[in-house]
Amino acid sequence: MIDDQPRPTRARRARAAISRSVGDTQLAHPWVALPAMVLLCLMILGASLMPVPYVIERPGPAIDVLGEYDEEQILTIDGAETYATDGSLMMTTVSVDGGPGYRVTPVEVVASWFDRSSSVLPREALFPEGQTREQTALTNTVAMTTSQQGAVAVALGELGIDYDPVMMIAGVEQGAPAEGTLEAGDVVLSVDGETASDVTGFQELVRATPEGEGIPMRVRRGDEELDLEVPAETVDGAPRMGVALDIGYDFPLDVDIAVGDIGGPSAGTMFSLSVYDELTPGALTGGHRIAGTGTLSEDGTVGAIGGIRQKMVGADEQDAEFFLAPSTNCDEVVGYEPDGLDVVAVSDFDGALEAVETIAESGSTAGLPTCDDVVETSDDEN
């Protein structure tokens, strides 16, 4: 039987071959694409989890210095009459993610950009390049120790109580030779039987110790004087204990401020107000919940701090009514004040004390300087 269908031309046969080839590819395409898609997803996931050189500041807890922290009374004073008080004087803190030894991911960074209460900063804005986790911990310990000493000094100076400067172990680095022998807060009386008048002088006495030998030191810890031989290691030809020396103070009363492992210098103003409150009759706050921040130098100057916006949020979350902010931080405050939190600008301890006393008496910030006032004045001067 003869097939009466037209015979396919060469062009038709070519088109049919192409059609079959395309069809075969389309059938095989999902099996080719699936591994590629999986690989692409894994690459995206890996990139999203890779550490990036940023830090994220978030609100930390606001802690009443007149109360307890980790079930321990924060402020204790012995050797002087103290008075019952009321209300709250809260130190405020910032939680920092991404510091030395810790990392944040691109996903965390992007999420924080859309969170008004968080700030994203380059890591080097807060931490020197190459700084280790142990060095960071030491820096924070030293800052907290010296801020507490300075805060007590300012409060006692306001009350007319005299004190003397001393040389102090401000911090001991984790894993350092001196760890377990020296403690933060130890007062250095002598090194190998000799004394000095400043930090540089004591460092020279330490460097004079023969290589490979312990460093003989006499320190005062609390009410006890101790003779110690402090282990050291040789670094660049000089002995190193792994401690930070700084100027502290010998007070005529014992003041202890216990805040666990919280570090940094920014609670100085609130520490000083709390010491002043406990050494004077009545409640300095008038029963109000007052939070704040600010470094405090020995002359009473309140200095700028980091994370002011996060600290205001933390204070608001703890139901603070009022907030004391360093005047030098006011440009970061305006427009970011939480609703219901009245912010007062302070530039020194006297101003902070006046603010708290005014709030106690009137229950308001009327007549006190605000950050709007400070920013407006600065703009006018410029």
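The values are calculated or read from the model by the stated rules, or taken from the named source; none is laboratory data. These numbers come from a predicted model, not from an experiment. Here the Cβ is made from the backbone with ideal geometry for all residues, glycine too, and neighbour counts use every protein chain on show. Note: accessible area is taken over every heavy atom of the protein model, side chains too, but ligands, DNA and RNA are not part of it. Shrake-Rupley method; radii C 1.70, N 1.55, O 1.52, S 1.80 Å.
Observations on the structure shown:
- The apolar share of the surface of the range 251-362, taken as the fraction of accessible area on carbon and sulfur atoms (1.4 Å probe, ligands and nucleic acids excluded), comes to 39 percent.
- Seen against the Cα atoms of the chain and their longest principal axis, helix 268-278 is set at about 40 degrees.
- Taking all Cα pairs closer than 8 Å and separated by 6 or more residues, the relative contact order of the chain comes to 19 percent.
- Net +/- balance of residues flanking Thr146 in space, Cβ distance below 12 Å, scoring K and R +1, D and E -1: -2
- Between the labelled values [x] 70, 45, 35; [y] 127, 64, 46; [z] 74, 50, 45, the entry that holds Cα extents along the principal axes in Å as derived from this structure is [y].
- Net charge, Gly286 excluded, C-beta distance under 10 Å - Lys, Arg +1, Asp, Glu -1: -3
- Amide H to amide H, with H built 1.01 Å from N, Thr85 comes under 5 Å of no residue 5 or more places away or on another chain.
- Between helix 10-49 and the chain: long-axis angle, C-alpha atoms, 0 to 90°, nearest 10: 10
- Relative contact order (%) - criterion: Cα under 8 Å, at least six apart; region: the range 271-382: 27
- Angle in degrees between helix 371-381 and the longest Cα principal axis of the chain, rounded to the nearest 10: 90
- Taking each DSSP H run with n ≥ 4 as -39500 (n - 2.57) and averaging over every residue of the chain yields -11500 deg cm²/dmol at 222 nm.
- At an R0 of 22 angstrom, the distance between the Cβ atoms of Asp372 and Asp115 translates into a FRET efficiency of 0.30.
- Using the Cβ-Cβ distance between Leu159 and Thr132 with R0 set to 51 Å, the FRET efficiency works out to roughly 0.80.
- For Ala208 and Leu228, a Förster radius of 22 Å and the Cβ-Cβ distance give a FRET efficiency of 0.80, rounded to the nearest 0.05.
- Coil-residue GluC sites (Glu not before Pro) of the range 56-106, DSSP, other Cβ within 10 Å capped at 11: Glu71, Glu81
- Neighbours of Leu341 by Cβ distance under 12 Å: Lys/Arg scored +1, Asp/Glu scored -1, total -4.
- When the range 197-243 is reduced to its Cα atoms, the Kirkwood hydrodynamic radius in Å: 11.5
- Here's the picture: a label point sits 7 Å out from the Cα of Asp256 along the beta-carbon direction, and within the range 185-227 the residues with their amide nitrogen under 14 Å of it are 185-186, 221-224.
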